[in-house]
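Have a look at the structure below, then the notes.
The values are calculated or read from the model by the stated rules, or taken from the named source; none is laboratory data. All values reported here derive from a predicted model rather than from experimental measurement. Cβ: placed from backbone, ideal geometry, glycine included. Neighbour counts: every protein chain shown.
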Amino acid sequence: MTISQHMFGETTVAKLSEPFKLKKLLVDPWFESETIIIKPNWVSTMPGHFTSLKTLRLLLENLDSKIVVTESSTHVFNEPLEDGLNFIAEGKEQNWKWLLAGHGWKWLIKNPNWDWFKRDGHWDHLKKGVKTFLDQNGYTDLFNEFNVTYINVTDEIWSGRIADQTEVKKIVGEYFKPIDLELDKLYSMVPKKLYDLRGSLFISLAKLKHYASFTMKNIFGMIPDPLRPWWHGTKDVLLPRSIIAINKIYHALFNIYGICEALDTRSVFHPEGKFKDEYSGLRYRIVEDPGFFSCGRDLVSLDAILGNLGGFDPKSFNYIINLAEKEFGTYDREVLKESKLKLGTWLQP
């Protein structure tokens, strides 16, 4: 058997011993969309943390539509050796790495306007970093091979190529309650190029990692800021509302479909692991070719199943799930029990 596949409500969870059989899982009628937009998981470039070239190629080989790949520029900040350019903050000369640390992160919460960054060469340096990432990892060649259109959210919004926020707000209001006033600037952060494709299939392609971050959190990456301390808020008090708010916008504009995979690699915590998580400081190792694939229209149910199967602390993902249920509807708790009973060992390292 090349595929072990299970359905839990609208969610599919599968293991593929032969990845080329992926086509058998992509049977939802939504995949007949003339254009398919893919939002990969490129928030970090640490080993095992991002959508690989191998996985993205596999997906493209199994799709027949016109493909658009979209992402912001966050990953450039997370290059291990990238210090970036210098600038003055708090009366001292700082660099990009400082923004990732405690004081720099807090400074960005208090100073969320990126106009200073768009000047003085920072934005140009950021663009070079994006190009280097795409070129060195083989994505540029892949996009050329499959005639993929790449849309960088940060560049589009900062260049003023945005959808009419009044129209975006109107459409979102047809499906959901208004976004909190504190966050309503999100209405003005939809690239016009994407807005013109509204109604298309939009895949949130998340990477299964050693911490709880799934398909809804992946859409948080559609916020154009290259770093998002303001959207996190002090002690992450604003994070769940920010995640749900940007999800509401994209759910209203597109047919959102979640995929969370660990087809070629998966990172797992291990005290003697080869790799170090730059954020937590903990060690982890890489499991090769786990062949794990999960997908579905209901991102709330999908993410809840993933959190439960992965054995993650419920507090690490339920803060999103609980708020999401108020906007997108509740999920069937029985799928948690059923999936754990049938697949309880699947995500054990």
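Structure summary
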item: Leading residue by the ranking (farthest from VAL68 (Cα to Cα)) among those in the range 116-141 that are part of a helix (DSSP H, G or I) and touching a strand residue (DSSP E or B) at 6+ places or on another chain (Cβ under 9 Å); result: TRP116
item: Residue under evaluation ASP313, criteria (1) surrounded by fewer than 22 Cβ atoms within 10 Å (Cβ to Cβ); (2) modelled with pLDDT of 90 or more; (3) out of contact with any Lys or Arg (no Cβ under 9 Å at 6 or more places or on another chain), criterion not met; result: (2)
item: Residue check, TRP105 touching a residue at least 12 places away in the same chain (Cβ under 8 Å), surrounded by 15 or more Cβ atoms within 10 Å (Cβ to Cβ) and under 16 Å from TRP231 (Cα atoms); result: yes
item: Selection within the range 121-146 - touching a helix residue (DSSP H, G or I) at 6+ places or on another chain (Cβ under 6 Å) and over 18 Å from THR51 (Cα atoms); result: LEU126
item: Residue, farthest from the chain's Cα centre (by Cα), within the range 12-51, restricted to residues that are over 10 Å from LEU201 (Cβ atoms), modelled with pLDDT of 95 or more and buried (at least 21 other Cβ atoms within 10 Å of the Cβ); result: ALA14
item: Checklist (1) at pLDDT 95 or above; (2) of a type outside the set (A, V, I, L, M); (3) surrounded by fewer than 14 Cβ atoms within 10 Å (Cβ to Cβ); (4) over 27 Å from TRP230 (Cα atoms) applied to GLY160, failing item; result: (4)
item: Breaking point among (1) in contact (Cβ under 8 Å) with a residue 40 or more places away in the chain; (2) more than 29 Å from LYS23 (Cα to Cα); (3) not in a helix (DSSP H, G or I), for PHE293; result: (2)
item: Single condition HIS125 does not satisfy, out of (1) touching a His at 6+ places or on another chain (Cβ under 9 Å); (2) surrounded by 15 or more Cβ atoms within 10 Å (Cβ to Cβ); (3) not acidic (Asp, Glu); result: (1)
item: Total residues in the range 335-349, condition among the charged types (D, E, K, R) and free of Cβ contacts under 8 Å to residues at least 40 places away in the same chain; result: 2
item: Condition met for ILE286 (part of a strand (DSSP E or B), touching a residue at least 12 places away in the same chain (Cβ under 8 Å) and among the hydrophobic types (A, V, I, L, M, F, W, C)); result: yes
item: Any chance ASN113 is surrounded by 14 or more Cβ atoms within 10 Å (Cβ to Cβ) and over 23 Å from LEU194 (Cα atoms); result: no
item: Qualifying residue in the range 322-345 (condition: within 17 Å of the chain's Cα centre (by Cα) and in a helix (DSSP H, G or I)); result: yes
item: Number of positions in the range 142-162 that are part of a helix (DSSP H, G or I) and either touching a His at 6+ places or on another chain (Cβ under 6 Å) or not acidic (Asp, Glu) (or both); result: 8
